[in-house]
Amino acid sequence: MDYDIIIVGAGPAGLSIARSLADTGLHIGLIEKQALAAIEHPEFDGRDIALTHLSVRLLKGLGVWDRFEESERPPIREARVLNGDSPYSLNFDVQDKAIDALGFIVSNHNIRRALYAEASQFENIEFINGVSVDGVQVHAANASVRLSDGRTLHSQLVIAADSRFSDTRRMVGIQAEMFDFGRVCIVARMRHEGSHDGVAYECFHYQRTLAVLPLSSHESSIVVTAAMSDREELMGMSDTLFASDIQHRFENRYGAMSLSTMRFAYPLVGVHARKFCRERFACVGDSAVGMHPVTAHGYNLGLSGADILATEIRSAVSAGTDIGNLGLLKRYERKHMRNTKPLFHGTNEIVKFFTDDRLPARIARKAAMRLVNHIPPIKHVIYNKLTESSNRTSILPPIFRSG
């Protein structure tokens with residue numbers, strides 16, 4: 001074998017599982033079509049990730065959390081959900097709770113940078129850059145990957161971590177359920193006159209959704225979700241006009257606002273693989289599940305899934321058994337499928353519910369928000385799902401977006 005494990009994709013999910021297995025002694029090949037410099041020093045891409053307490057614990061275990069400066073992981077102290085033009089909000093905070101934050105905001109490029117810095121310390125992790133995967137073959141005893149430069153690499157196990165539109169997943173014949181929302185997500189950072197006081201907002205305005213996530217005291221991450229037909233207009237606005245539009249839609253809560261970064265546009269397509277494995281092959285991260293960003297499952301779910309698979313592989317290494325055994329991979333699939341499938345479909349239903357502008361839906365949303373606010377047991381369940389502060393094994397849905 002050239003490698004024990006080949007991982008396709010050196011994004012956050014691929015780097016996470018590579019780092020999780022770094023001390024096993026397994027020889028790991030990490031294939032990435034980008035140049036090594038782009039992984040070592042990733043550029044800001046507009047995506048700021050709302051991390052749960054479970055994700056923080058996992059990142060601490062990987063040695064990654066302490067690589068962030070305190071200013072690079074600002075806390076969310078309170079979360080407010082707004083509906084339409086109503087001033088009423090569904091609120092979550094940390095008052096009288098054992099934790100001091102609902103979650104933490106970390107930029108996607110900083111997560112990638114820190115994970116690379118950790119993984120690159122280990123000699124048994126080899127980065128194979130500047131090439132793509134042209135083919136994958138899986139057999140009962142081994143697997144092989146054919147690269148664009150003509151090489152063929154062999155391993156006991158291939159792990160796909162190459163985005164929700166994974167070519168690697170398709171190459172082994174795993175189908176995926178896709179939901180094109182017909183919408184675009186415009187992300188940027190903005191400075192503002194007033195302080196946010198650690199409050200995150202999810203504003204389900206009619207026609208458009210606006211998320212405002214706290215960074216430094218006078219800067220926030222802005223996420224606009226709009227119809228794909230509005231993309232050209234939103235990206236073509238001058239910086240001044242775009243900032244004025246956001247300030248108006250946010251009802252001037254923070255006073256004058258201005259862009260502090262460029263804008264980035266991402267189409268919204270939800271993806272859930274029908275299977276997460278087959279013999280000698282597994283999917284992790286967005287290759288397994290790519291969520292609508294409004295509920296922030298993205299990297300939180302990918303990180304936990306990578307941890308589940310890594311735990312199964314580590315157990316096999318300890319027992320001296322086959323790390324590519326289908327039974328092992330099926331255990332990962334069952335655990336991760338149990339967590340992700342209801343969340344994928346549930347999130348899609350939440351999106352439909354909160355973006356339906358018909359009068360009956362507007363009335364139902366108002367009633368639902370008041371119901372949650374005034375029934376403590378229901379609110380407590382949602383709070384636990386929002387923070388993931390007490391449950392290690394179940395993946396719980398935060399309110400706010402992730403990349």
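What follows draws every value from the coordinates through simple rules; no lab data is involved. Please read all numbers here as calculations on a predicted model, not as lab measurements. Cβ placement follows ideal geometry from the backbone for every residue including glycine, while neighbour counts extend to all protein chains displayed.
Tabulated data
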item: Ranked list, fewest to most other Cβ atoms within 10 Å of each Cβ, for 93, 66, 162; result: 66, 93, 162
item: Cα-centred dipole magnitude for segment 183-265, charges only on beta-carbon of K, R (+1) and D, E (-1), debye, nearest 20; result: 140
item: Per-residue Cβ neighbour rank within 10 angstrom, fewest leading, 286, 23, 4, 239; result: 23, 239, 4, 286
item: Segment 243-371 - percent relative contact order, Cα under 8 Å, separation 6 or more; result: 20
item: Whole-angstrom gap from segment 291-349 to segment 41-76, using each part's C-alpha centre; result: 20
item: Under-5 Å amide H pairs with residue 176, H placed in peptide plane, nonlocal only; result: 274
item: Theoretical gain in end-to-end length, residue 69 to residue 45 [0.36 nm per residue, Cα-Cα removed]; result: 6.8 nm
item: Once the Cα gyration tensor of segment 244-305 is diagonalised, semi-axes √(5λ) in Å; result: 37, 11, 10
item: Average projected area [Cα convex hull, segment 78-198], square nanometres; result: 14.2
item: Relative packing of 49-58, 73-82, 147-156, which averages over residues the other C-beta atoms within 10 Å, highest first; result: 49-58, 73-82, 147-156
item: All Cα pairs of the chain, percent lying beyond 34 Å; result: 29
item: When segment 5-77 is reduced to its Cα atoms, the Kirkwood hydrodynamic radius in Å; result: 14.0
item: Extended-chain gain in nm, criterion 0.36 nm per residue less alpha-carbon gap, residue 57 and residue 165; result: 36.0 nm
item: Spherically averaged projected area of segment 220-364 from its Cα convex hull (nm²); result: 12.1
item: Aspartates and glutamates with Cα under 15 Å of residue 335, excluding same-chain neighbours fewer than 8 positions away; result: 307, 312
item: Packing-based exposure ordering (other Cβ within 10 Å, fewest first) of 283, 277; result: 277, 283
item: Label-point separation, residue 229 to residue 364 (7 Å along Cα→Cβ), nm; result: 2.4
item: More than 15 angstrom apart: percent of Cα pairs within segment 140-188; result: 64
item: Kirkwood-based shape ratio for segment 1-144, expressed as Rg/Rh from alpha carbons; result: 1.09
item: 19 Å Cα-Cα threshold exceeded, pairs from 275/330; 275/352; 341/366; result: 275/352; 341/366
item: Relative contact order (percent, whole number), the chain, Cα cutoff 8 Å, 6+ residue spacing; result: 21
